[in-house]
């Protein structure tokens, strides 16, 4: 069996009287794509925030390659090999495409203040290597995201390409685990399928991916496993087709939609 990269063990997070995540447990194995699905408010983003250190679990534990990361700060968790994107884009709009990717490498560089002040040979070598690697990452994105646009400001890109750039920046941290929060949100069907293929390519290149997504075509086409949540609780886990047809999952989606329509 493949190496276990991430273990979530009975994680719980409360906000006042609300259990946003309630006794959640699951594993991620090296080289697989797992999708978190569920209605709005089901606890998916809170789960991401627990894994990446934005929140600390009230109880339970989260382990990265066998070592607890619960309670660590986001920067410490990033250094352990977990990178993420966000549902709302968080790019540096006035910086170039290449500079945005280089920002993602900041936590991996070794140059110190003295190196920066005097532009030592070590810093220059590291800077040159970072630019080469940033170009390699951008070259992983084909089609309408050519490397030739690396000097343009991020604000000049289309919405879909800004989402691709955020994934590229996350990859710049050389993550062992990549968390994608709604990577195809706001894209048209053709763009969504293109990004879905890119996500599969990343998996085939050795990345382990945990993804929040609402587009069922992407979920069914990219996921090795699916975990369904509702009201902070895991209600199903398994192959995409099995989870999509699970009665509890169907009721969670249809029941929530019915209640929204009635209210």
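State whether one or more residues within segment 143-160 are touching a residue at least 12 places away in the same chain (Cβ under 8 Å) and farther than 17 Å from residue 100 by Cα.
So the first thing to find is which residues in segment 143-160 are touching a residue at least 12 places away in the same chain (Cβ under 8 Å), and the list is 143-145, 147, 149-155, 157-160.
With the extra rule that they be farther than 17 Å from residue 100 by Cα, the set shrinks to 143-144.
Yes, segment 143-160 has at least one match.
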Tell me, which residue of segment 199-247 that is in contact (Cβ under 8 Å) with a residue 60 or more places away in the chain and at positive phi is farthest from the chain's Cα centre (by Cα)? 231
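May I ask you to say which residue of 72, 28, 63 is under 26 Å from residue 184 (Cβ atoms) and either free of Cβ contacts under 8 Å to residues at least 40 places away in the same chain or part of a strand (DSSP E or B) (or both)?
Numbers: 72 fails: under 26 Å from residue 184 (Cβ atoms); 63 fails: under 26 Å from residue 184 (Cβ atoms).
Going through 72, 28, 63 in turn, just one is under 26 Å from residue 184 (Cβ atoms) and either free of Cβ contacts under 8 Å to residues at least 40 places away in the same chain or part of a strand (DSSP E or B) (or both): 28.
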Any idea which of (1) touching a helix residue (DSSP H, G or I) at 6+ places or on another chain (Cβ under 9 Å); (2) under 30 Å from residue 160 (Cβ atoms) is the one residue 28 doesn't satisfy? (1)
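Being surrounded by fewer than 18 Cβ atoms within 10 Å (Cβ to Cβ) and in a helix (DSSP H, G or I) is the filter here, so list the residues in segment 180-201 that pass it. Before you say what the answer is, go through the steps one by one.
Of segment 180-201, the ones surrounded by fewer than 18 Cβ atoms within 10 Å (Cβ to Cβ) are 185-186, 188-190, 193, 197, 200-201.
Result: 189, 190, 193, 197, 200, 201.
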Which of (1) touching a helix residue (DSSP H, G or I) at 6+ places or on another chain (Cβ under 7 Å); (2) under 26 Å from residue 12 (Cα atoms); (3) part of a loop (DSSP other than H, G, I, E, B) is the odd one out, the single condition residue 175 does not satisfy? (1)
Condition first: within 25 Å of residue 208 (Cα to Cα), outside any helix (DSSP H, G or I) and at pLDDT 90 or above. Now tell me which residues in segment 113-172 satisfy that. 172
Residue 167 - would you say it is closer than 21 Å to residue 28 by Cβ, buried (at least 16 other Cβ atoms within 10 Å of the Cβ) and assigned by TED's automatic domain parsing to the domain that holds residue 132? yes
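The values are calculated or read from the model by the stated rules, or taken from the named source; none is laboratory data. All values derive from a computational prediction rather than experimental measurement. For neighbour counting, all protein chains shown are included, and Cβ atoms are generated from backbone atoms with ideal geometry for every residue, glycine included.
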